[in-house]
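Shown next, in structure tokens, is the structure this report addresses.
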Amino acid sequence: MGKLQDKVAIITGGVSGIGAETAKLFASEGAKLVLVDMNEEKGNAFESELKSNGVEAFFLQADGTNEEQVKNIYTKTISAFGKLDILFNNAGIGAVKPTEELTYAEWRRTVEVDLDAVFLFAQAAVKEFLKADGGVIVNTASMYGWVGSPGSAAYNAAKGGVINFTRSLGLEYAERNIRVNAICPGFIETPILGETDREFLSNATPMKRLGQADEIAKAVLFLASNDSSFMTGNSIIVDGGYTAQ
Ligand code: NAI
């Protein structure tokens, strides 16, 4: 029996990078999946791939910053699977720009996607979990929620916000069988890195390489499963040693 046998999980940003790798791992542990993403093309392709491998999964195109669309995802999840057990609150965007050049609109969009949407999905999940007998939330923050770095102030502020949101939510529902934790990746080889110089990122990492999405997925599985049953309001940093420096 899998670690997530018959559990129902919503995964945001679930069709690319860390989210997609986690979706495959969750499925291999018996989970049923609702994959949420803005990218319809990737979403439809990934849904077909999973279904052809016998996974119970469907893709819903949505912008996680739109409250109505988020509500709709929960309605469709409950009507398809009858319950929700896990939210992997993982969608995000990067924003690399010197602060003096960052527009207010760019700041707002970064915080909206990387922090506000995390709230919207978590709140909707908590409402479902309170009706049932609990559940699990894993939020994707970043090692940049723990340390600063030049050129990505908006992103870092949002990710720091996710870490303290996670602490607060974990405490708020600790007695209601709702566990809330965060995963904090270092530099991981996914499309979010765009054109960023891989050699520079590898050299900045004590292990002298980028992480792979499956190395994050394994830690997410730990947080989403009963293996972490005594853990809430906290984070796991998986960063090749970056924040130990
Ligand atoms: P990715 O770009 O492969 O995946 C992110 C997904 O989120 C994309 O499919 C994108 O379409 C989706 N997305 C973006 N905005 C959205 C919105 N408003 N509504 C719905 N979906 C939206 O990148 P990756 O690396 O897999 O990112 C996953 C999470 O990991 C993000 O929160 C990111 O900030 C975080 N992270 C990534 C690191 C890395 O080095 N790759 C390092 C630390 C954190």
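The values are calculated or read from the model by the stated rules, or taken from the named source; none is laboratory data. As the structure is a computational prediction, the values presented were derived from the model and not from experiment. Positions of Cβ are generated from backbone atoms using ideal geometry, with glycine treated the same way; all protein chains shown enter the neighbour counts. Surface accessibility is based on the protein's heavy atoms, side chains included, excluding ligands, DNA and RNA. Shrake-Rupley method; radii C 1.70, N 1.55, O 1.52, S 1.80 Å.
General observations
- Residues of region 138-165 satisfying the condition of being within 13 Å of the ligand (Cβ to nearest atom) and of a type outside the set (A, V, I, L, M, F, W, C): ASN139, THR140, SER142, TYR144, GLY145, SER149, SER152, TYR155, ASN156, LYS159, GLY160, GLY161
- So GLU112, is it among the acidic types (Asp, Glu), away from the ligand (no atom under 14 Å from the Cβ) and part of a helix (DSSP H, G or I): no
- Looking at LEU171, LEU223, just one residue is more than 25 Å from ASN39 (Cα to Cα), open to solvent by less than 20 Å² (accessible area, probe 1.4 Å) and outside any loop (DSSP other than H, G, I, E, B), and that residue is LEU223.
- For region 174-194, residues that are part of a loop (DSSP other than H, G, I, E, B) and closer than 22 Å to ARG109 by Cβ total 2.
- The condition (being in contact (Cβ under 8 Å) with a residue 24 or more places away in the chain and open to solvent by 20 Å² or more (accessible area, probe 1.4 Å)) is satisfied by just one residue among ASN53, ASN44: ASN53.
- For region 201-220, the set of residues classified as within 13 Å of the ligand (Cβ to nearest atom) and open to solvent by 90 Å² or more (accessible area, probe 1.4 Å) consists of ARG209 only.
- Looking only at region 79-95, and only at residues there that are of a type outside the set (S, T, N, Q) and more than 20 Å from the chain's Cα centre (by Cα), the one that is farthest from the ligand (Cβ to nearest atom): GLY82
- Region 17-43, residues that are within 13 Å of the ligand (Cβ to nearest atom), part of a helix (DSSP H, G or I) and not charged (D, E, K, R): GLY17, ILE18, GLY19, ALA20, THR22, ALA23, GLY43
- Meets criteria (in contact (Cβ under 8 Å) with a residue 40 or more places away in the chain and in contact with a Pro (Cβ under 9 Å, 6 or more places away or on another chain)) for VAL238: yes
- Within region 60-96, the residues that satisfy the criterion of being under 24 Å from ILE188 (Cα atoms) and part of a strand (DSSP E or B) are ILE86, LEU87, PHE88, ASN89.
- Every residue from region 123-163 that is surrounded by fewer than 24 Cβ atoms within 10 Å (Cβ to Cβ) and in a loop (DSSP other than H, G, I, E, B): ALA132, ASP133, GLY134, TRP146, VAL147, GLY148, SER149, PRO150, GLY151, SER152
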